[in-house]
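No value in this document is a laboratory result; all are computed from the given coordinates. Every value quoted in this text rests on a predicted model; they were computed, and no experiment measured them. As a convention, Cβ positions derive from the backbone with ideal geometry for all residues, glycine included, and neighbour counts pool all protein chains shown.
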Amino acid sequence: MSLVVASQHPLVHHFVAELRDARTRPAEFRRLVRVLAGLIAVEALADLSLIETEVRTPLGPCPSRRIDERVVIVPILRAGLGMVESILELVPDAEVHHLGLKRDEATLEPTEYYRRLSHAPGDTRFLVVDPMLATGGSAVHACRLLREIGARRIAYLALIAAPEGIERLGREDPEVSIHVAAIDQRLNEVGFIYPGLGDAGDRQFATFDS
C-alpha cells in the first residue's frame, strides 16, 4: 500500500475550510489552491537530495547545501494547472510536463486528450498534481504513463481525496506516495467527493453552467 500523508498543519486545515466554502469566489479559490499546493509540496519534498556547496555572504564564505535532484511537475489538466505556480516558486528549476484527462461521466474512467511527457532518468522526482483524488482513475492512468517513460519516484499531490481513490491508487501502484490536505468521507453516487468542494476546475476558472 502507498505511503499516504494527510497534512496536519493548522494553516492547511484553515485554508481547506476556506476552499470548501461555497461562498468563496473564483479569484480567492485560485489563491487558496496555490497556497495549499505550496504547503503540500513542502511536505512532499522533505526528502529531496542535497549536495554540499559553498556560497559567499557579504562577510565571507559559508558552507551550504543545494538541491541535487531533477524535479518534474505533471499537472492533470485542467484543474491541476492551478497548483503549478506555487511549486515552481519553491523549485524554480523544475520542469513542467502536461497531461490532459477528461472523465467520462457515465463510466467515471479517464479519457486522454493531451500528453506532453518526456523520458527521464530513474532518479527524477515526479510530482503529479490534481486538486481532487476522487475515483482514482486519472491518478492511476497518469502514474502508468509515467512508469512507461521510466519514472521510478512519483508523488501524487491532491488537496482533497476520497478513500476510494486512495485505495485504488495504492492498489494499482503501491510505490506512489500520496500527499493530501484532507481525506473526506466517501464518493457520492455520481463519483464526486463528499463533502468535497464541488468541481475544482469550474470553481477555479469560473466555467459554471448557466
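Numbers at a glance
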{"quantity": "Rounded Å value of the spacing that divides the Cα centres of the range 15-65 and the range 153-210", "calculated": "21 Å"}
{"quantity": "For the range 75-126, the fraction of alpha-carbon pairs in successive 5 Å shells from zero, as %", "calculated": "5, 16, 22, 23, 18, 10, 6, 2"}
{"quantity": "Where only C-alpha atoms are counted, convex hull volume of the range 83-210 per residue in Å³", "calculated": "119 Å³"}
{"quantity": "Where labels lie 7 Å past Cα in the beta-carbon direction, separation of V42 and I149 in nm", "calculated": "2.9 nm"}
{"quantity": "Per-residue ³J(HN,Hα) for the range 137-147, Karplus 6.51 cos²θ - 1.76 cosθ + 1.60, θ = phi - 60°, Hz, x for Gly and Pro", "calculated": "x, 5, 4, 4, 4, 4, 5, 4, 5, 5, 4"}
{"quantity": "Relative contact order (%) - the range 112-175, alpha-carbon pairs under 8 angstrom, separation at least six", "calculated": "43 percent"}
{"quantity": "Packing rank of 62-70, 12-20, where each peptide gets the mean count of other beta carbons within 10 Å, highest leading", "calculated": "12-20, 62-70"}
{"quantity": "Computed label-point distance, nm, for sites K102 and R23 using a 7 Å Cα→Cβ extension", "calculated": "3.5 nm"}
{"quantity": "GluC sites (Glu not before Pro) restricted to the range 146-177 and DSSP loop, no more than 15 other C-beta within 10 Å", "calculated": "E175"}
{"quantity": "Relative contact order (percent, whole number), the range 2-153, Cα cutoff 8 Å, 6+ residue spacing", "calculated": "19 percent"}
{"quantity": "Theoretical FRET efficiency, 1/(1+(r/R0)^6), r = Cβ-Cβ of F208 and R115, R0 30 Å, to 0.05", "calculated": "0.60"}
{"quantity": "Surface/4 estimate of mean projected area, convex hull on alpha-carbon atoms of the range 1-115, nm²", "calculated": "11.1 nm²"}
{"quantity": "For the range 1-68, the fraction of alpha-carbon pairs in successive 5 Å shells from zero, as %", "calculated": "3, 13, 17, 14, 12, 12, 11, 9, 6, 3, 0"}
